[in-house]
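Bear in mind that the values in this text are calculations on the coordinates, not laboratory data. All values reported here derive from a predicted model rather than from experimental measurement. Reconstructed Cβ throughout: ideal geometry from the backbone, glycine too, with neighbour counts over all protein chains shown.
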Amino acid sequence: MPDPSPAAPPSSPPPRSLVVKITCGPESTSELERLAQGLTVATTALAGGIRVSVWLTGEATRMATPGYAERLTLAHAASFADLRDVLLAAEALTVCSQCAARRELTAESLLTGARIRGAMSFVEEVMDDGAQALVY
C-alpha cells in the first residue's frame, strides 16, 4: 500500500555569507593592495545582497579607528575611508580582541559600527552553513 503522507518539500540551501579576514596594514604598497582588495571584495559582496562580516587583525585593526583610513591612499583604488564606512554602516566590521588588546584599543576607541570580538566568534561565523571565508 502506498504511503499516504505527503513528501517533504526539498530543503533550500542555506543563505550564502562571506567572512573576510584582513591581516595587513599599510607597511608597503603590496600590503595596501591586499587591504584594498579585501575591503573591495567585502563591499562588493555587500552591495550584491550577500551577508558580509569583515574581521580586522594585526595592523588592519586600525582601520576601525578614527582618522586612520583617511590617511591611506592607493592609485586606482577606491577610497579606504569610503569602503570602511560602507562596512561600518552595515555593522559588518569586527576587530580581533587580542589584536585590539595588543594595540590598547577598546570599544570606545573604535568608530561607531565596529565591534571587538574573540576567536570563538570568528570560528562560529566561518563554520556557519553557507559561509565562505577569504583571508587577505
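Order these by the 10 Å Cβ neighbour count, fewest first: 116, 50.
On the way: 116 21, 50 15.
Fewest-to-most ranking of 116, 50: 50, 116.
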Cα-only radius of gyration and Dmax that characterise the stretch 51-96, units Å: 10.4, 29
Spin-label point model (7 Å from Cα, Cβ direction): what's the residue 107 to residue 77 distance in nm? 3.1 nm
Of the candidates 18, 74, 83, which one comes out as most mobile in a Gaussian network treatment of the chain with C-alpha springs shorter than 10 Å? 74
About its Cα centre, what dipole magnitude does the chain give when the only charges are +1 on Lys and Arg Cβ and -1 on Asp and Glu Cβ, stated in debye to the nearest 20? 180 debye
By what distance, in whole Å, do the Cα atoms of the chain stretch along each of the three principal axes, largest value first? 74, 33, 24
One checks the Cα atoms of the stretch 67-127 and finds Rg and Dmax, in Å, of 13.0, 36
Name the residues whose placed amide hydrogens come within less than 5 Å of the amide hydrogen of residue 51, ignoring near sequence neighbours (fewer than 5 apart) on the same chain. 18
In sequence order, what are the phi-derived ³J(HN,Hα) couplings for the stretch 94-109 according to the Karplus relation 6.51 cos²θ - 1.76 cosθ + 1.60 with θ = phi - 60°, rounded to whole Hz, with x for glycine and proline? 10, 9, 4, 5, 5, 5, 5, 4, 5, 9, 6, 8, 10, 4, 6, 6
What is the order of 54, 135, 86, 95, fewest Cβ neighbours within 10 Å to most? 135, 86, 95, 54
Just to check I understand the Karplus step: with θ = phi - 60° and J = 6.51 cos²θ - 1.76 cosθ + 1.60, what whole-Hz values come out for the stretch 112-129, glycine and proline as x? 4, x, 9, 9, 10, 9, x, 4, 5, 5, 5, 4, 4, 5, 6, 8, 4, 4
Scan the stretch 91-135 for GluC sites (Glu not before Pro) in coil per DSSP, keeping those whose Cβ has at most 15 other Cβ atoms within 10 Å, and list them by number. 91, 104
